[in-house]
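In what follows, a structure is listed as structure tokens, so that the remarks can point back to it.
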Amino acid sequence: MSPAPELALALSMPRPRIAALLRRQLGSLFEFDEAADGASLDAALAGALEDVAVCFRPARNKYFHRDGAPWFDPFHSGQNTIFLYYLSRRLARGGATSLADRAYGLNKALNGLDLYHGVEMPAVFGLDHPVGSVIGRARIGEGFFFCQNCTVGSSRGVFPTLGREVTMFAYAAVIGRCAIGDRVILGAGTMVVDQDVPAMSVVTGRSPHLDIRPMREESFLRRAYFEPALLGAPG
């Protein structure tokens, strides 16, 4: 069987300039040793751009596409946040743990998101103004989307499970032993702690006094952040 064709990704600048930018940023805020780190960074950069192409393809956000192809601009803060997560994760998987930690720290410093490379995000996720958000080691389904000051974290060592196409608006939190169903929208300021939420719901309030309202599929599809047909298959 022949390998799948590489997914096209349009870039705002040539790849060597992105690599040079990363070297300057890492060297300025932390340290970067070309002899020790250069090859690992270049290999991880290639993989991270492949991840970005897959992640951006289903996005409905017009700024994530140019001429029908996924588009990446490292000076678009939201795009850069996702890219640096994938870069740090590629570095960690390649054994460059120290450099992965520096890339994770760079993401926090530049974009204000705490998303460690040990957290397994889905192939497709999105964010908008992610400053102050902390995403922990939950099980997270495809099409996850979150905004500023959101928290996904543990309670007594137990992390939540989030279904497909879960959206968290500003200051929403999901903590502890929670099973959040597919296509759930958590309104601004909602806090779910050790409580389950059924699929196709809009949730507001704070546990244990949540207001959970059913949502029609057509209503969800009107406001969805991704093209559902382009998300990965369930399971």
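Note on the stretch 17-40: residues that are surrounded by 14 or more Cβ atoms within 10 Å (Cβ to Cβ) and either outside the structural domain of Y104 (by TED's automatic domain parsing) or outside any helix (DSSP H, G or I) (or both) total 2. Exactly one residue among R206, R177, R156 is over 21 Å from L113 (Cβ atoms) and at pLDDT below 95, and that residue is R156. Taken over the stretch 87-99, the criterion of being surrounded by fewer than 24 Cβ atoms within 10 Å (Cβ to Cβ), in a helix (DSSP H, G or I) and touching a residue at least 24 places away in the same chain (Cβ under 8 Å) is satisfied by A92 alone. List every residue pair whose Cβ atoms lie under 8 Å apart, where the two residues are 6 or more positions apart in sequence or sit on different chains, the first residue falls within the stretch 192-215 and is assigned to a loop (DSSP other than H, G, I, E, B), and the second residue, located anywhere, is among the acidic types (D, E). Every condition considered, the pairs that remain are A199/D182; M200/D182; M200/E217; S207/D194. Against the conditions (1) surrounded by fewer than 19 Cβ atoms within 10 Å (Cβ to Cβ); (2) modelled with pLDDT of 95 or more; (3) farther than 20 Å from R90 by Cα, H129 satisfies every one except (2). Could you please let me know if A36 is over 26 Å from H65 (Cβ atoms) and modelled with pLDDT of 95 or more? So A36 passes the test.
When V119 is tested against (1) assigned to a loop (DSSP other than H, G, I, E, B); (2) among the β-branched types (V, I, T); (3) buried (at least 22 other Cβ atoms within 10 Å of the Cβ), just one condition goes unmet, and that condition is (3). Would you please list the contacts, defined by Cβ atoms under 7 Å and residues six or more apart or on different chains, that run from a residue in the stretch 57-73 that is in contact (Cβ under 8 Å) with a residue 60 or more places away in the chain to a residue that is among the small types (G, A, S) and in a strand (DSSP E or B)? Listed pairs, sorted by first residue: A59/G126; A69/A10; P70/A10; W71/A10.
Go through the stretch 100-109 and give me each residue that's within 18 Å of F146 (Cα to Cα) and either aliphatic (A, V, I, L, M) or surrounded by fewer than 18 Cβ atoms within 10 Å (Cβ to Cβ) (or both).
Pass one, the stretch 100-109, residues within 18 Å of F146 (Cα to Cα): 107-108.
Hit for the stretch 100-109 is K108, nothing else.
Selection of first residues in the stretch 111-134 that are of a type in the set (V, I, T) and of second residues that are modelled with pLDDT under 95, restricted to Cβ pairs under 7 Å at least 6 apart or on distinct chains, gives the following pairs, ordered by first then second residue: V124/L231; V124/G232. When L230, L186 are checked against the criterion of being under 20 Å from the mean Cα position of the chain (by Cα), within 25 Å of N149 (Cα to Cα) and not small (G, A, S), L186 stands alone in meeting it. With respect to (1) under 24 Å from H129 (Cβ atoms); (2) not in a helix (DSSP H, G or I), the lone exception for L49 is condition (2). Restricting A53, A69, A36 to those that are over 22 Å from L127 (Cα atoms) and hydrophobic (A, V, I, L, M, F, W, C) reduces the list to A36.
Mind counting the residues in the stretch 153-176 that are outside any strand (DSSP E or B), surrounded by 23 or more Cβ atoms within 10 Å (Cβ to Cβ) and more than 14 Å from the chain's Cα centre (by Cα)? The qualifying residues number 2.
Considering only residues in the stretch 160-201 that are in contact with a helix residue (DSSP H, G or I) (Cβ under 8 Å, 6 or more places away or on another chain) and among the aliphatic types (A, V, I, L, M), the one that is farthest from V124 (Cα to Cα) turns out to be M200.
The values are calculated or read from the model by the stated rules, or taken from the named source; none is laboratory data. The model shown is predicted, which means the values in this text are computed figures rather than measured ones. Here Cβ is always computed from backbone atoms with ideal geometry, including for glycine, and neighbour counts include all displayed protein chains.
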